[in-house]
Amino acid sequence: MIELMPALTLLFAAAMIGAAFVAIQVEQISIAILAAGLVSLLASVMFLFFAAPDVAMTEAAIGSGLTTFLFFFVLGRVRGDKHD
Amino acid sequence: MSSKTELKPKMRDRAVLFATLLLFWIMLNGTLAADSLIIGILVSLIITVLFCSGLSFFTEFRATPQAFAAGILYYIYFFKELIKANFRLAAIVLSPSLPIKPGIVKVRTKLKSRMGRLMLANSITLTPGTLTMEIDGEWIYVHCVTVESTDIDEATAQIVAGFESYLEVMYG
Amino acid sequence: MVETLIAFAALLTGIAFLFALLRFIKGPSTFDRVIAFDVLTVVSITFIVLSALIEERGIYLDVALVYALLSFLGVIAIARYLEGRF
Amino acid sequence: MESLLDMTGGLLLVAGAAFLLLGGLGLWRMPDLFNRIQAGAKTTTLGTILILAGTAFLHPEWGFKLLLIGLFLLFTNPLSSQVLARAAHRRGIETSPKTSVDLLADSLSEQDMPEKLPSEKTLSDKGIEEKS
């Protein structure tokens, strides 16, 4: 039987690659920001799997929460129109 | 006389806010040690004094025995409906033909308080095949996976009546 | 026995994670991706709780609490942006 | 030599994971956005609460923190789904051809409604705006 934690780490690494691929492939900015936030979220869970809960908390708060929020806020202020 | 009657519910609001904050602090810490308890009381007191007008969130609950009984019955009914909702969704998702007939219907609520309406909207979202989409005064627009009737009264009886009877006692 | 059950739960959750990820990659509109993002966050909370069980460290649950907070704030911010109200 | 408590906790874990799996399957199979939101909101809420309950059976000393996470999810998960559904409907995401009736769109076209009418904001918006 394969060990559980390495398998989960592999799953999350593959998912990170997939999300990063979406972030560079897609042409709408909002989806790219969302995919970058997803990469950050999965990275934070991977920090946790490597037994670093403090780093994981910081990454979740800054990378996934604050950066995504800030990007959307600024994008809404800059664009001003209703299209993507 | 009038100032006294205005002051009384405000003190009660502050007491409820203080108790909620302290409860959250104790649950977050998981201990009842003296030092953490003192810090929690201090911080809760400061927040209560500074931000007393901001949170009317928990204070609309009527603290009568009937309201507590209705609250317990409400949560029992709510979890029953939540489990039923999941099994119905599982049946839909697992059947190969996907038997759905979605639509958006309109229902009416009798609840007046904001917290009561919020709880009603949340409950509708978590019950079988329904999702609250918009609240406009007393009207609630609900997206259904399988529409059974588009008539307002019939849809109201089917979707909201079960929760409303409990929430009316709790929040009015 | 309990370890086997935890591993089985992790396997089922992993499949759910894959489905949500596929929806995120495919999803025709932005809203499909947002709901997939929300589901992925909740599934990540589940993974964090499971890893706390496996490693027997209660401090991991604090990270899960931060996640529960952040997913709500993030989805509200994105919805406000998509309504055009920033 | 497991106790009954441990077995109950493990079975609750598996049940919660099974509901999460059904939610993921629903997210993949449903034909339009609103049905996907329905699948996502219900199953993730119940699935996560069952998993938290199973963890509480296995480690009773974590109970308070697990209860806090569960309460938070129970209140915020349906709320974010509602906000998302409302935003999607305002942006005019098309529903699947199976949709039989759409009274919200009907009433909006009847009133000839401007897009940002303050009276139709929901409770979550009021809470945010009163603070600022």
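The values are calculated or read from the model by the stated rules, or taken from the named source; none is laboratory data. All of these numbers come straight from a predicted model, not from anything done at the bench. Reconstructed Cβ throughout: ideal geometry from the backbone, glycine too, with neighbour counts over all protein chains shown. All accessible areas refer to the heavy atoms of the entire protein, side chains included, with ligands and DNA or RNA removed. Shrake-Rupley method; radii C 1.70, N 1.55, O 1.52, S 1.80 Å.
Going through segment D:20-41 one residue at a time, which ones are touching a helix residue (DSSP H, G or I) at 6+ places or on another chain (Cβ under 7 Å) and open to solvent by less than 10 Å² (accessible area, probe 1.4 Å)? Answer for segment D:20-41, where residues must be touching a helix residue (DSSP H, G or I) at 6+ places or on another chain (Cβ under 7 Å) and open to solvent by less than 10 Å² (accessible area, probe 1.4 Å): D:20, D:23, D:24, D:26, D:27, D:30, D:33, D:34, D:37, D:39, D:40, D:41. All told, residue B:71 meets the bar of being closer than 30 Å to residue D:39 by Cβ and at pLDDT below 85.
Here residue D:55 fulfils each of the conditions (1) more than 7 Å from chain C (Cβ to nearest Cβ); (2) at pLDDT 90 or above; (3) crowded, with 24+ Cβ neighbours inside 10 Å apart from (1). Can residue A:36 be described as open to solvent by less than 60 Å² (accessible area, probe 1.4 Å), over 13 Å from residue C:67 (Cβ atoms) and modelled with pLDDT of 90 or more? Taking the combined requirement at face value, the residue satisfies it.
Only one of the listed residues (B:94, B:32, B:98) is loosely packed, with under 13 Cβ neighbours inside 10 Å, at pLDDT below 80, aliphatic (A, V, I, L, M) and farther than 16 Å from residue B:167 by Cβ. That residue is B:32. Of the candidates C:7, C:36, the single residue that is at the interface with another protein chain (Cβ under 7 Å from one of its Cβ atoms) and open to solvent by 10 Å² or more (accessible area, probe 1.4 Å) is C:7. Figure legend. Inter-residue proximity from segment C:15-44: first residues in a helix (DSSP H, G or I), second residues crowded, with 20+ Cβ neighbours inside 10 Å and among the basic types (Lys, Arg), beta-carbon distance below 6 Å, spacing 6+ or different chains. Indicated pairs: C:24/C:33; C:35/D:36; C:36/C:23. Remark: pairs (first residue in segment C:51-79, more than 7 Å from chain D (Cβ to nearest Cβ) and of a type in the set (D, E, K, R); second residue surrounded by fewer than 22 Cβ atoms within 10 Å (Cβ to Cβ) and in a helix (DSSP H, G or I); Cβ separation under 6 Å; 6+ apart in sequence or on different chains) are absent. If you check residue D:5 against the conditions, is it at the interface with chain C (Cβ under 7 Å from one of its Cβ atoms) and of a type outside the set (Ser, Thr, Tyr)? So residue D:5 does not fit the description; no.
The strands (runs of 3 or more DSSP E) found entirely in segment B:61-160 that carry 2 or more residues being free of Cβ contacts under 8 Å to residues at least 12 places away in the same chain and within 10 Å of chain D (Cβ to nearest Cβ) are B:130-136.
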